[in-house]
Amino acid sequence: ATPTSIMVGTGRAAQAGVLFRKGDSLQALRDVKVVAVDKTGTLTKGAPELTDFVCASGENQDQTLAAIAALENYSEHPIAQAIVSAAKDKHVTLPKAEQFESLTGLGVTAQIGADQWHVGADRLMTQLGADLSAFTEQAQTLAQEGKTPMYAARNKQVIALLAVADPIKETTPRAIEQLHARGIKVVMITGDNRHTAHAIARRLNIDEVVAEVMPEGKVQAVQALRETHQHLAYVGDGINDAPALAVADVGIAIGTGTDIAIEAADVVLMSGDMQGVVTAIALSHATMRNIR
Ligand code: ADP
Ligand code: MG
């Protein structure tokens, strides 16, 4: 490729809302055979809502929700916002939570009065040695509906099951269809529950799923995929996507995402969705075709 044609190509891309931060990513993108995608905030809106809340018998619904919201009030995770806003809608008064700690990829913990509370994924509860069995069947059903189940434990005693649902972006299904039409394989990489991830992947015809990965696990997942599929692009929006964006052949950040993701990426999409990935790939093909 000549420098001039690359310049013309990147200029045209910029007009289409695709910013190539390096000229050679225009070439690299043409050869991409696999697109690995973060789920939350990339395939989905990243704005979940609380859909289900079930307490163990003998527990007060409102008080339990208030305690959970008191913890989540300190968390910046989108799941936390869903829970806090559900508690606000119910006009419950939040108790005082102290010694809050965010357990990345797992959940949150804090002290309320004399009690230690935990809210998070099943693997957090397993780590605590808490017994989930009263809720596992219901959780499984929720996950199969594409919802993310979570648990709340007081003093390592599981007392509630919660679920949030994060709607798929309107433009996602068509974008995946178009990637498939180009013979590109689409892989979902997420920290979310395995059953939830598979339910959403089925709806979107996603070819492969890597679920329940801790943030640092995203890099390992991308590296493992690269061993079998060269020419891999990674698409993500969050802080925890930055390392994966950096190790992919082409890192593509959603422009509405965090600055840290944008800085780690080779390509930035102004559109804020997967449609931009299709546009970027189409432009790379058009530019490279003109060159030969
Ligand atoms: P992702 O952003 O890829 O969905 P994360 O690594 O941020 O994944 O979170 C993984 C899982 O950890 C979530 O699906 C949830 O079960 C749990 N989790 C993380 N943060 C919180 C939180 N603030 N409250 C409750 N659960 C949480
Ligand atoms: Mg995300």
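Listing for the model above:
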{"item": "Among (1) within 14 Å of ligand 1 (Cβ to nearest atom); (2) open to solvent by less than 40 Å² (accessible area, probe 1.4 Å), the one test that E216 misses", "result": "(2)"}
{"item": "Number of positions in segment 14-47 that are touching a residue at least 60 places away in the same chain (Cβ under 8 Å), assigned to a helix (DSSP H, G or I), away from ligand 1 (no atom under 16 Å from the Cβ) and not basic (K, R)", "result": "5"}
{"item": "Top-ranked residue in segment 1-51 [being open to solvent by 70 Å² or more (accessible area, probe 1.4 Å) and of a type in the set (D, E, K, R); ranked as nearest to I176 (Cα to Cα)]", "result": "K33"}
{"item": "Count of residues meeting criterion [free of Cβ contacts under 8 Å to residues at least 40 places away in the same chain and within 14 Å of ligand 2 (Cβ to nearest atom)] in segment 218-251", "result": "5"}
{"item": "Residues of segment 61-71 classified as open to solvent by 10 Å² or more (accessible area, probe 1.4 Å) and either near ligand 1 (Cβ under 9 Å from one of its atoms) or hydrophobic (A, V, I, L, M, F, W, C) (or both), total", "result": "0"}
{"item": "Segment 219-244 - residue that is outside any helix (DSSP H, G or I) and open to solvent by less than 60 Å² (accessible area, probe 1.4 Å) and, of those, nearest to ligand 1 (Cβ to nearest atom)", "result": "G238"}
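Okay, residues lined up against (1) surrounded by fewer than 20 Cβ atoms within 10 Å (Cβ to Cβ); (2) at pLDDT below 95; (3) within 16 Å of ligand 2 (Cβ to nearest atom); (4) in a loop (DSSP other than H, G, I, E, B):
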residue	(1), (2), (3), (4)
T93	yes, no, no, yes
E101	yes, no, no, no
L142	no, no, no, no
V187	no, no, yes, no
G191	no, yes, yes, yes
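The values are calculated or read from the model by the stated rules, or taken from the named source; none is laboratory data. Since we're looking at a predicted model, the values are computed, not measured. Every residue, glycine among them, receives a Cβ derived from its backbone with ideal geometry; neighbour counts consider all protein chains shown. Just the protein is used for accessible areas: all its heavy atoms, side chains included, with ligands, DNA and RNA removed. Shrake-Rupley method; radii C 1.70, N 1.55, O 1.52, S 1.80 Å.
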